[in-house]
Amino acid sequence: MAPTRRSTDHLLPLVLVLVTAAALWYAHALAWDLGGRSPILSYESAQVALAARELAWHGKFATPYALPIDLATHTGSPWPLSAVQPGLVLAEALILKLVPASGLMATSDMRAYLTLVVPFVCYLAFGAFTVLATRYLFARHAPEAPRWVRAGAPAVMGLAAILDAQAQHFALSGVGELPATVLLLLALLGLALGAASELPFVLGVLLGLSGLFRANALWLAAVVALAGAWSSPAEKRLRSGALVLAGAVLPLVPWWFYKWRAFGSPDWDVAHFELWDQVQGWTWFELLHRAHVPEVPHGAHALALLAAKAGSNLSRVLPPLLSGPRGLWFGALVFWPFTRAGAEGSGARDRPLVAAAIVVLAGLALDTFAACVGTPLLREVFPTRVLAELAGLLALWSLLRRMPGTSERQRAVACVLAALLALGWGTWNTRLAQTESIATSFERGVPSSRSLTAISIALNQVLVPRETLMSNLGPSLAWQTNHPVIHLAYSPEDVAACRARHDFRHVLLVFRSAERAWDPWREIVETPGTAATHAELGVRRERRLMTSDGFSVVWLELGPREPGLAFEAP
């Protein structure tokens, strides 16, 4: 049943959410001073942008940026993609190809703004699709609701979505979280409206496309297949589950084949080594910044170590996950499915909606576990967390509307109070995020775009075209200079192993201060001439600069590598 189109009820919430989203995006950009104190490209978004530019310019699915660990398998630039998902790379490559590199858009600084197109559009789409999803759910499951509810609930849901502080942050960064979330939202809406029975293959394709932007989305495919089969008529269950899985796999087959050809394994991803961060004294930083693939535990011993890590990190993930009214939303979502059995008119018609609720909860649990095993930060749970909050608000409204022993007026007041709580919580988090963004922008570990341009000009006066260098600025410097960049090795002692696999003559250290430098490199940044005492570096010349925004630059020019260091990777 489609929403009635005889009035502007369906348009007013949509316009309100879109206009508010644009204003919030702009306010968040001002708080970061995007393009000023804060460069357009972060560490993660610069990796995606580099791969997209390589694809747009040279037609290669590769990147001119490498971590030292990448040198263990591939010596030459450009390197295969080992740390990014392909979805955003393809989208940004298309934009870079369509927008001519001439006139105002000729410089790297200006073309970096093109990487904001996809996250900005997805941020607007997230709010808009939340409005439309709510409207369709009310039309299907609560057609008798008053007009003010049918117009007000979608507006509240859309505003709650765009008021999420992490959503605003991802809207300013070219990473895959928001595109993956939008696709996952559409898949869940389809599941709630019965797509597992009517369009199971399309439902699976949405999940597969989401997985092209964020690898964790793949875990939900099996859960959705099971939930979709359960919610389908008995004679369609096997077919529905199988087609959902087939649809999810289809978009991913080319990517898996690429990984198999490049790395010998379809699931190779250097991010997997983050699992061993803080395990047996390792740090992910150390594991990724040395030129060899580390030997990590396997089998039962590995499972025991990771289980212990997950248990210890649970206390770091759960408090922010349940902060404020989030525990109320999640509790309502957990309790709501059990109330449908006794609800009037419930039955097969409600099964898809219950299946969607179960999938949201399962996704939240899986992402929380992944964060505990990997990096225990709330941002790692974003897609399922924000969707679970929105679903929980709907579940709470449903429970409040059926409170026994209350009048219609009392139930309406309770629903309005829940809506105000959601909007108040989102507004408070938005203000807090903007305050933190302003403070953080003055402490960024990457120089401003103006300073990066000055560094690029200085480098290009010395380096020959496409000459490789090593720097802690990594992908940001590679984007600005159009030179291949290897991320700084873990310590000066590890530079020789990197040069054995890929020769380079320049190392650029750029830190806000010596205190902010990596421990093994701190003395070199702090004291002029110290680099020459490291025989393994073979420093021939040292230059020191200071950027306009206060970053210390130490430029080391290395002598020829020793003949015995030449190495051919298998």
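Listing Val205, Val99, Val386, Val131 from the residue with the fewest other Cβ atoms within 10 Å to the one with the most, what is the order?
The fewest-first ordering by Cβ neighbours comes to Val99, Val205, Val386, Val131.
Once both axes come from the Cα atoms, what is the angle between helix 147-162 and the longest principal axis of the chain, in degrees from 0 to 90, rounded to 10?
Relative to the chain, helix 147-162 is tipped by roughly 10 degrees.
Using C-alpha positions alone, give me the convex hull volume of the range 367-457 per residue in cubic angstrom.
143
Quick check: pseudo-label points 7 Å beyond the Cα along Cα→Cβ at Phe369 and Glu144, how many nm apart are they?
4.1
Mind putting a number on the dipole of the chain about its Cα centre? Charges go on the C-beta only, +1 for Lys and Arg and -1 for Asp and Glu, and I need it in Debye to the nearest 20.
Taking the Cα centre of the chain as origin, the dipole is about 1740 debye.
Taking neighbour counts of Cβ atoms within 10 Å as a proxy for exposure, in what order, fewest first, do Met110, Met403 appear? Write down the numbers at each step before the final one.
Values: Met110 16, Met403 12.
The fewest-first ordering by Cβ neighbours comes to Met403, Met110.
Per the helix-only calculation at 222 nm, which mean residue ellipticity applies to the chain, given -39500 (n - 2.57) for every DSSP H run of n ≥ 4 and division by its residues, nearest 500 deg cm²/dmol?
-18500 deg cm²/dmol
How big is the convex hull of the Cα atoms of the chain, per residue, in Å³?
Given the Cα convex hull of the chain, per-residue volume reads 164 Å³.
For the range 449-565, what Kirkwood radius comes out of the mean inverse Cα-Cα distance, in Å?
That comes to 14.3 Å for the range 449-565.
Provide the net charge surrounding Leu189, with neighbours chosen by a C-beta distance below 11 Å and charges set as Lys +1, Arg +1, Asp -1, Glu -1.
Charge balance in the 11 Å sphere: +2.
By count of other Cβ within 10 Å, fewest leading, how are Thr530, Thr435 ordered?
Least crowded to most crowded, the residues run Thr435, Thr530.
A short reminder: the numbers here are calculations on the coordinates, not readings from a lab. Nothing here was measured: the structure is a model prediction, and the numbers come from that model. Methodologically, a virtual Cβ is constructed for each residue, glycine included, from the backbone with ideal geometry; neighbour enumeration extends over all protein chains shown.
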